[in-house]
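Trainee: Just dropping this structure here.
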Amino acid sequence: MNSRDTLAKLFNSPYRAKLLRLFIFNPGVIFDKNTIATKTKIPTSRLSSELKTLRDGDIIKDRSIPIKQRLTRAKTGFELASNFSLTKEIRNLLNADFLEHRHDLVKRFKNCGRIKLLIVSGIFVENTDSRVDLVIVGENLKRNIIEKIIRGIEADIGRELVYSIMDSEDFRYRANSSDKFIRDIFDYPHEFIIDKLPY
């Protein structure tokens, strides 16, 4: 299949981008169908056809899941095809799109309490050495809602996030005490999406 045919299959469904992110950012990982549905939140009514499209496009391959790696009872799953020639180009495209829209995080977290600091690092700024990807600091934070939103972000980007949720007083105390975790946040590349906390 030539590149033009492959690209035609890639960008014809909103669900396909989620699948592409999952497989391209997790090369070498075999996912069974239930795990894919959980991680991408794609309706089961659409998942089979979307997987078939990627498989027919030689983008993913059927794979047997080693017993030690099985998260469910499934014996077979799917993995990014090692010979897929456009992996690098699509990874760059997906990264660019993701980074361009990272400021939309403010809208996602607007009903989660009084957020004073929203710091992005790690994958949000293309730095794999950072200890954390997302730091949320505030008051009266609704942790259950925040964690649900984070699960949704992970489904959108195809990667698990390392995150920290702290109240303002705890963050200020740790910052003023030269806490190593806080130092590491600021020692690595990061960006303030919300910055309303004097400390």
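Trainee: Take PHE109 and decide whether it is within 20 Å of the chain's Cα centre (by Cα) and either assigned by TED's automatic domain parsing to the domain that holds ASN26 or buried (at least 18 other Cβ atoms within 10 Å of the Cβ) (or both). Let's see the steps before the verdict.
Mentor: Working: within 20 Å of the chain's Cα centre (by Cα): yes; either assigned by TED's automatic domain parsing to the domain that holds ASN26 or buried (at least 18 other Cβ atoms within 10 Å of the Cβ) (or both): yes.
In short, yes.
Trainee: Taking region 29-44 on its own, how many of its residues are under 16 Å from GLU160 (Cα atoms) and of a type in the set (Lys, Arg)?
Mentor: Within region 29-44, the subset under 16 Å from GLU160 (Cα atoms) is 29-31, 35-41.
In the following step, the residues that additionally are of a type in the set (Lys, Arg) were identified as 39, 41.
Of the residues in that region, 2 qualify.
Trainee: Failed condition for PRO14, given (1) under 25 Å from ILE123 (Cα atoms); (2) surrounded by 15 or more Cβ atoms within 10 Å (Cβ to Cβ); (3) at pLDDT below 90, with all others met?
Mentor: (2)
Trainee: Checking the conditions here, which among GLY152, GLY158 is among the small types (Gly, Ala, Ser) and on the phi < 0 side of the Ramachandran plot?
Mentor: GLY152
Trainee: Can you pull out the residues in region 45-67 that are surrounded by 15 or more Cβ atoms within 10 Å (Cβ to Cβ), among the acidic types (Asp, Glu) and part of a helix (DSSP H, G or I)?
Mentor: Once the filter is applied, which keeps residues that are surrounded by 15 or more Cβ atoms within 10 Å (Cβ to Cβ), among the acidic types (Asp, Glu) and part of a helix (DSSP H, G or I), region 45-67 yields only GLU50.
Trainee: Which number in (1) on the phi < 0 side of the Ramachandran plot; (2) touching a residue at least 12 places away in the same chain (Cβ under 8 Å); (3) not acidic (Asp, Glu) marks the one condition that GLY113 misses?
Mentor: Exception for GLY113: condition (1).
Trainee: Would you confirm, using the coordinates I've provided, whether ILE123 is surrounded by 12 or more Cβ atoms within 10 Å (Cβ to Cβ) and touching a strand residue (DSSP E or B) at 6+ places or on another chain (Cβ under 6 Å)?
Mentor: no
Trainee: When you scan region 87-97, do you find a residue that is closer than 19 Å to ARG21 by Cβ and part of a loop (DSSP other than H, G, I, E, B), even just one?
Mentor: Checked region 87-97: no residue is closer than 19 Å to ARG21 by Cβ and part of a loop (DSSP other than H, G, I, E, B).
Trainee: Next question, about the same structure. Going by the structure shown, is GLU89 more than 17 Å from PRO189 (Cα to Cα), modelled with pLDDT under 90, over 15 Å from the mean Cα position of the chain (by Cα) and among the acidic types (Asp, Glu)?
Mentor: yes
Trainee: So, in region 68-86, how many residues would count as being assigned to a helix (DSSP H, G or I) and touching a helix residue (DSSP H, G or I) at 6+ places or on another chain (Cβ under 8 Å)? Explain how you work it out, then say what you get.
Mentor: Step one: filter region 68-86 for residues assigned to a helix (DSSP H, G or I), giving 68-69.
Within this subset, residues satisfying the condition of being touching a helix residue (DSSP H, G or I) at 6+ places or on another chain (Cβ under 8 Å) are none.
Summing the residues that are assigned to a helix (DSSP H, G or I) and touching a helix residue (DSSP H, G or I) at 6+ places or on another chain (Cβ under 8 Å) in region 68-86 gives 0.
Trainee: Could you say which residue among ASP97, ASP62, ASP56 is within 17 Å of the chain's Cα centre (by Cα) and under 20 Å from TYR15 (Cβ atoms)? Write out each step before concluding.
Mentor: Working: ASP62 fails: within 17 Å of the chain's Cα centre (by Cα); ASP56 fails: within 17 Å of the chain's Cα centre (by Cα).
When all the criteria are applied, what remains is ASP97.
Trainee: For residues that are in contact with a helix residue (DSSP H, G or I) (Cβ under 8 Å, 6 or more places away or on another chain) and β-branched (Val, Ile, Thr), scanning just region 174-199, find the one that is farthest from THR128 (Cα to Cα).
Mentor: ILE194
Trainee: In region 165-199, what count of residues is obtained for those that are surrounded by fewer than 12 Cβ atoms within 10 Å (Cβ to Cβ) and aromatic (Phe, Trp, Tyr)?
Mentor: 1
Trainee: On to the next question. For a quick check of your reading of the model, give me the residue pairs whose first member lies in region 139-166 and is modelled with pLDDT of 90 or more, whose second is aromatic (Phe, Trp, Tyr) and in a helix (DSSP H, G or I), with beta-carbon atoms closer than 9 Å and at least 6 apart or on different chains.
Mentor: LEU161/PHE124; SER164/PHE181
The values are calculated or read from the model by the stated rules, or taken from the named source; none is laboratory data. Not measured: the values here are computed from a predicted model. Please note: Cβ atoms are built from the backbone with ideal geometry, for glycine as well, and neighbour counts cover all protein chains shown.
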